[in-house]
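Derivation of every value follows stated rules applied to the coordinates shown; laboratory data play no part. Every value quoted in this text rests on a predicted model; they were computed, and no experiment measured them. Note that each Cβ is placed from the backbone with ideal geometry, even for glycine, and that neighbours are counted across all protein chains shown.
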Amino acid sequence: MDRAENFSGHVAGHLPASVRCLRSWSTTGEAHVLYWVLKWILIGPWLRVLWRPKVEGLEHIPATGPAILASNHVAFIDSVFLPLIVHRPIRFMAKSEYFTGKGLKGWLSRVFFTTVGCVPVDRAGGRAARAALDAGKKVLEEGKLWGMYPEGTRSPDGQLYRGKTGVARLALESGVPVIPCAMVNFHEVQPPGAKLPRLNKRVQIRIGAPLDFSRYAGMAGDRFVERSVTDEIMYNLMELSGQEYVDVYAAKVKKSDKPGRSPKAESAAA
């Protein structure tokens, strides 16, 4: 069965973690300045020299106006290189634990995630998914770029897993285009479990044409429509990245500790 035949998704999803927005990056002027200093002077040039990013489709990122950047998620460095190669700042969600650590490590984590434009979220809140979507809508209403990982967590084995429908709900409620961004070989650059990326691999990123879902205007909340929109986004990511698609949520696979095999497949094998 080829990748296209293996791509299917029929279960409505939701944002993976219980989250609650705490504060917005955009209010921190000092962090905004530090972002540009790190990107163009202190860190960005070194990243470009060491990993020589090869980027296709950068022209699909609009010079102005809001858009959702939907990316596959295979390594921690996804959140480093996508903002590096896109000229405009990108806002992401990040769990609040990254902002509340103690000591030098906690301070460095807080500075890093604030500087790269992350919005801290508390995953213990009861209205997590709604609060997270509201945070994304606020960023988009300000005409900015909002980054999302539809899989909800990093791939445990480099394959592409079923997308959760939060990205579809946000796209339909905001009416902005979704731009698929594929991290092509990041599982080789930073394999699962590796703390640091390899230096002998060149990172590759492919950005697809914007996806317009205006044909579904007014249909936010319809779980079948949201599943259809999410599947279209994931199909584009699959085509761009060259990954094998696994029709199960990555979080379930991580819990089963058997990457690439769905619970149904495991039952059949038994």
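Please give the length that would be gained between HIS87 and LYS54 if that part of the chain were fully extended, namely 0.36 nm times their separation in residues minus their C-alpha to C-alpha distance (nm, one decimal). Please list the in-between numbers first.
Values: separation 33, 0.36 × 33 = 11.88 nm, distance 1.48 nm.
Extending this stretch completely gives an extra 10.4 nm.
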Cut-off under 24 Å on the C-alpha distance; same-chain residues fewer than 8 positions from LYS164 excluded. Which lysines are left, in chain and number order?
LYS95, LYS137, LYS138, LYS144, LYS252, LYS254, LYS255, LYS258, LYS264
Please list, ordered by chain and number, the residues whose modelled amide H lies under 5 Å from the amide H of TYR161; skip anything fewer than 5 residues away on the same chain.
VAL246
Given Cα pairs under 8 Å that are at least 6 residues apart, what percent is the relative contact order of segment 17-265?
27 percent
Segment 103-118 scanned against label point 7 Å out from VAL33 along Cα→C-beta; backbone N under 20 Å for 108, 110-118
Give the long-range amide H neighbours of LYS54: residues separated by 5 or more places, or on another chain, with amide H under 5 Å away, using H modelled in the peptide plane at 1.01 Å from N.
VAL203, GLN204, ILE205
Would you please give the residues with an amide H less than 5 Å from that of ILE179, counting only those at least 5 places away or on a separate chain, with H modeled from the backbone geometry?
ILE68, LEU69, ALA70, LEU211
